[in-house]
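To start, the structure under review is shown below, and the notes come after it.
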Amino acid sequence: MTIEFTDRFKLDFSRLPREIQQRAERQLFRMASDPRHPSLRIKKMKGTSDIWEGRVTKEYRFTFQVEADRYVLRRIGTHDILKTP
């Protein structure tokens, strides 16, 4: 699978603390190679039919959609950030 970044994701990512950016990069690499890795805790978001959520840390998450052979990353941040469209 390949990973594609939306403009919104890129903006969110640029606003993260450097340490969280580094952790996110590791987790996204992990997702590309092993999406079932337990540290990702990937699950479908409640109330949606095609948006998934993965874990960066206890407080930070990222959302994505699966389209054909790629993951389209939508948002990244704390739970509060991810509640907004």
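The values are calculated or read from the model by the stated rules, or taken from the named source; none is laboratory data. Predicted model, so just to flag it, every value in this text is computed and none were measured. With ideal geometry, Cβ positions are generated from the backbone for all residues, glycine too; neighbour counts draw on all protein chains shown.
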The one condition in (1) charged (D, E, K, R); (2) in contact with a helix residue (DSSP H, G or I) (Cβ under 6 Å, 6 or more places away or on another chain); (3) modelled with pLDDT under 95 that R61 fails to fulfil | (3)
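If you check S39, S49, which single one turns out to be touching a helix residue (DSSP H, G or I) at 6+ places or on another chain (Cβ under 8 Å), farther than 18 Å from E4 by Cβ and either surrounded by 11 or more Cβ atoms within 10 Å (Cβ to Cβ) or modelled with pLDDT under 95 (or both)? Break it down into steps so the answer makes sense when it comes.
Values: S49 fails: touching a helix residue (DSSP H, G or I) at 6+ places or on another chain (Cβ under 8 Å).
None of the others qualify; the one that does is S39.
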Select from the range 42-77 the residues that are over 18 Å from R30 (Cβ atoms) and of a type in the set (A, V, I, L, M) and list them in ascending order.
-> M45, I51, A68
Checklist (1) touching a Gly at 6+ places or on another chain (Cβ under 9 Å); (2) over 15 Å from F9 (Cα atoms); (3) touching a residue at least 12 places away in the same chain (Cβ under 8 Å) applied to K43, failing item | (3)
Evaluate the range 19-27: report whether one residue or more is modelled with pLDDT under 95, more than 13 Å from the chain's Cα centre (by Cα) and not hydroxyl-bearing (S, T, Y).
-> no
